[in-house]
Amino acid sequence: MIIQSIFFYIFSFIAIVSAIMVTVSRNTVHSVFFLILDFVSISCLFIMGGAEFLGMIMLIVYVGAVAVLFLFVVMMLNVAQQENEWFQSKKNSATSSSHIPIGFLISAIIFFELVIVIGGWKLKPEIETFNNISLNLGITNTHSIGAVLYTDYIHLFQISGMILLVSMIGAIVLTYRKRSGLKRQSYIKQISRERAGGIELIDVEKNKGVNIDV
Amino acid sequence: MINLELVFSEIFLSLSIMALLLIGVYKKNSTNMIYNLSVVSLLIMLILNLNLFNSKDVTLFGNGYKIDFMSSFMKFLITISGIFVMLSSSKYLKVTKIFKIEYPILLLSSILGMLIMISSNDLIVFYMGLELQSLALYVLASFDRNNKLSSESGLKYFVLSALSSGLLLYGCSLIYGFAGSTNFDEISANIDQVQYGLTLGIVFILVGLAFKISAVPFHMWAPDVYEGSPTSVTIFFAILPKIAALTVLIRFLYVPFINLIEQWQVIIIFLSIASMIFGAVAAIGQKNLKRLMAYSSISHMGFALAGLSVGSNEGIQSSITYVSIYLFMNLAFFSCLFMLRKEEKYFENIDDLSGLSKNHPMLSLSLLIVLFSLAGIPPLAGFFAKFYIFLAVIEKEMYFLAIIGLLSTVVAAFYYLRIIKTIYFDDAKHKYDLNHNLGLKLSLTFSTIIILIYFIYPSYLLEIVSKITIL
């Protein structure tokens, strides 16, 4: 019981502090790092509470996709770069980036959090105490969500598939542009090419050179 | 498993969407084939749907999906208007260079979303159908992406529609919280007294639905989107989503919340009066025909809502009759618009119609019939549509609504008649091309003849519609 509350307070403390740091931090890249840390801490809280499906989805969707996408956007848009230069001119360190130590710190915390929470979930599953909802504890909640999703709500599941298909088609229709003059690799052309068609022997006259772009 | 044949049309449509997409991806230059095949698949769906007309009322998928006479009839209307929209617009797509394989596929997916909306008996199913329908519509509105107006209209529609979807979802969550279920039947069983949370939920959902049928004061998107998007999409916007949203509105108001009629009747009456007046007055100054049709459709939706506000079976039936006739009037009008083509360019201003009767007597005649019908002049179909609405409204002694409706009809007649004056009494300006494809001619002839000869046997439609009883 005491171990559980210690871990609960650790994770919630990290979550709150990193949430504050997201808004306070002046460097956008650092903000995104803290956002990732925040997501991971919250998913650890979910896993501790016995909602392992929600926690894993949080890890996959928010950390794996959304936050990394944010990171890409921030780095591509060069917002962080200007801020960074401003910081560096004060510190007079032109070469070393200040992203790396913060990045290392946050990834180390994330690693330890994951080790603690998943290790605890695997070794001592009875540590969770939120049992006042009548659940069939014999099966994991991934199983029970699946059991409902693929039977009672199968038509909604299928319709969401159609919605995703339509949004994919729409995104392609609106953004895909055929560019002319694009050279594509053709394996068949490359393989079927013969020595006779590719190599030519030329007698080079003295002091004249060869014109190669025929 | 036993009832699977009741959803054959939806299953068939989704399978054909995927099959057509695969054919389009793997076969080069197959746009024409895909376009024709999607018309064929809609025809097959029409036949599958005809079988349902005699089936009993059934709910499927854990009571979330309802098959009854209303859903079958509305699906029939959706499919038939989908077929005519596709038939009439193929030439337009080719001329404006937006004839791509994705176009018919997006149309079909939007129609699939509408079918799901029409049959929905559950808030979640309804929302999923709505999203499927509107996602395809966002893309269709901005399909001509090299045209600034088209991109603008797509963006505008997307942002405003996302906002209204958010409000609608908030309303759904309130209703779920206060009634304890998302299923329409269970909600109606769980409501025993008026709760303010429920009323708030109804208001939010009505806002979302009023946005979809562009009723005043949630109409702001309609003129810009109608004008900006390609005409082939405008005709789709003007007809199909309105039929679907009106069906959902009927089911939503009359199945779970009929006991709360005092709560929502005032809102519907307000929406109806505001739409009728605004649609009639704001259209007067318009010069673009597509924009004018946007205001005209706002006004027509006001009439359909007037039938809904009555709270009786007659009211519902008059509304459904109204949209069935409205469908053919819009189809005929936009088919005429597709015929205004000269040297690979389409014309869409009222000035371009001037003196049309000198060069194109038949086209002018059908425009005359359509515009008279839109204005509600007897003995054309549009008159009967308005007549049934007034009948249902007056039967419940809502004279105020009837008087406002009549006055707005008079105002609206002005701008329809002005177009007719331009056609018949102004100097000839353009001489348009005459080589139209068969589908366009077919849809114009068919819809004009229906408008013209409706008065000979009006009880045919009435008999079918009178089988729709919700209460």
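The values are calculated or read from the model by the stated rules, or taken from the named source; none is laboratory data. From a predicted model like this one, the values you see are computed outputs, not experimental measurements. Methodologically, a virtual Cβ is constructed for each residue, glycine included, from the backbone with ideal geometry; neighbour enumeration extends over all protein chains shown.
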Residue list for the range B:74-95, restricted to those being under 16 Å from the mean Cα position of the chain (by Cα) and of a type in the set (Val, Ile, Thr) = B:ILE78, B:THR79, B:ILE80, B:ILE83, B:VAL85
remark   = Of those in the range B:122-149 that are hydroxyl-bearing (Ser, Thr, Tyr) and assigned to a helix (DSSP H, G or I), the residue nearest to the other protein chains (Cβ to nearest Cβ) is B:TYR138
query = Of the residues B:ILE98, B:ILE67, which is at pLDDT below 95, over 16 Å from the mean Cα position of the chain (by Cα), more than 27 Å from B:TYR127 (Cβ to Cβ) and within 14 Å of another protein chain (Cβ to nearest Cβ)?
reply = B:ILE98
message = Here are the criteria: (1) more than 30 Å from A:ARG177 (Cα to Cα); (2) surrounded by fewer than 18 Cβ atoms within 10 Å (Cβ to Cβ). Tell me which single one B:LYS27 does not satisfy.
response = (1)
message = Any residue that is surrounded by 13 or more Cβ atoms within 10 Å (Cβ to Cβ), farther than 21 Å from A:PHE112 by Cα and outside the structural domain of A:ASN141 (by TED's automatic domain parsing) - is there at least one of those in the range A:1-17?
response = no
note = The number of residues in the range B:24-52 that are more than 14 Å from every other protein chain (Cβ to nearest Cβ), of a type in the set (A, V, I, L, M) and farther than 21 Å from B:LEU6 by Cβ is 4
remark   = Flagged in the range A:158-190 as hydroxyl-bearing (Ser, Thr, Tyr) and either within 11 Å of B:GLU102 (Cβ to Cβ) or part of a helix (DSSP H, G or I) (or both), in numbering order, are A:SER160, A:SER167, A:THR175, A:TYR176, A:TYR187
inquiry  = Can you list residue pairs whose Cβ atoms sit under 7 Å apart, with the first residue in the range A:29-40 being farther than 14 Å from A:MET75 by Cβ and the second being among the hydroxyl-bearing types (Ser, Thr, Tyr)? Count only pairs 6 or more apart in sequence or on different chains.
reply    = A:PHE34/A:SER18; A:PHE34/A:SER25; A:LEU37/A:SER18; A:ASP38/A:SER18; A:PHE39/A:TYR62
query = Of all residues in the range A:137-157, how many are under 30 Å from B:ILE101 (Cα atoms) and more than 7 Å from chain B (Cβ to nearest Cβ)?
reply = 2
key: Residue check, B:ALA210 at pLDDT 90 or above, among the small types (Gly, Ala, Ser) and crowded, with 22+ Cβ neighbours inside 10 Å   = yes
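Quick grid of which residues meet (1) surrounded by fewer than 18 Cβ atoms within 10 Å (Cβ to Cβ); (2) within 16 Å of A:GLU113 (Cβ to Cβ):
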position	(1), (2)
A:PHE39	no, yes
A:CYS44	no, yes
A:MET48	no, yes
A:GLY55	no, yes
A:MET58	no, yes
A:GLY64	yes, yes
A:ALA67	no, yes
A:VAL73	yes, no
